[in-house]
1. Filter segment 52-81 down to residues that are surrounded by 12 or more Cβ atoms within 10 Å (Cβ to Cβ) and among the charged types (D, E, K, R) and give me whichever is nearest to Glu93 (Cα to Cα).
2. Quick check on my filter: what residues within segment 27-51 are charged (D, E, K, R) and either outside any loop (DSSP other than H, G, I, E, B) or more than 17 Å from Glu94 (Cα to Cα) (or both)?
3. Could you run through segment 66-83 and say how many residues are more than 11 Å from Gly39 (Cα to Cα) and in contact with a Lys or Arg (Cβ under 9 Å, 6 or more places away or on another chain)?
4. Name the residue that is modelled with the lowest pLDDT, counting only residues in segment 11-50 that are of a type in the set (S, T, N, Q) and closer than 15 Å to Phe64 by Cα.
5. Quick check on my filter: what residues within segment 56-95 are more than 14 Å from Gln26 (Cβ to Cβ) and in contact with an Asp or Glu (Cβ under 9 Å, 6 or more places away or on another chain)?
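The values are calculated or read from the model by the stated rules, or taken from the named source; none is laboratory data. A quick note: this is a predicted structure, and the numbers were derived from the prediction, not measured. Note that each Cβ is placed from the backbone with ideal geometry, even for glycine, and that neighbours are counted across all protein chains shown.
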Amino acid sequence: MNEMEYEDDSSEFDGFNTYFSKENRQVLVKTIDGSLIRGNINLNSESIPMDRVSDLLIKGQNRFLIMYNASLGDRKDAAVIINKSQIVWVMEEEGTLRKS
């Protein structure tokens, strides 16, 4: 049996999901129970990249909105997953993060 040499290509590794760019937006979300959640969302979290927050909410296939660095009550820097059917409104905030 011939032994094949294995070449370690780990120096060429450039990370997972490199085909997804991060298009972050800082938003404020109000849910039907009156909760206000402030945090970040990634517009490119769907299989088809989105340009606007409204696109993610309306055209996105995922039933859930994923927020990170979120504040809800006394919780800070949390990850929050919200069922889109529970959202009353979403407002993009001034301090939006783009392509980080």
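1. Arg52
2. Our first condition is that a residue be charged (D, E, K, R); within segment 27-51, this holds for 30, 33, 38, 46, 51.
Those that are charged (D, E, K, R) and either outside any loop (DSSP other than H, G, I, E, B) or more than 17 Å from Glu94 (Cα to Cα) (or both): Lys30, Asp33, Arg38, Glu46.
3. 1
4. Filtering segment 11-50 down to residues of a type in the set (S, T, N, Q) leaves 11, 17-18, 21, 24, 26, 31, 35, 40, 42, 44-45, 47.
Keeping just the survivors that are closer than 15 Å to Phe64 by Cα gives 31, 40, 42, 44-45, 47.
Details: Thr31: 97, Asn40: 95, Asn42: 92, Asn44: 86, Ser45: 83, Ser47: 80.
Among residues in segment 11-50 that are of a type in the set (S, T, N, Q) and closer than 15 Å to Phe64 by Cα, the one modelled with the lowest pLDDT is Ser47.
5. Passing the criteria: Lys59, Gly60, Gln61, Asn62, Gln86.
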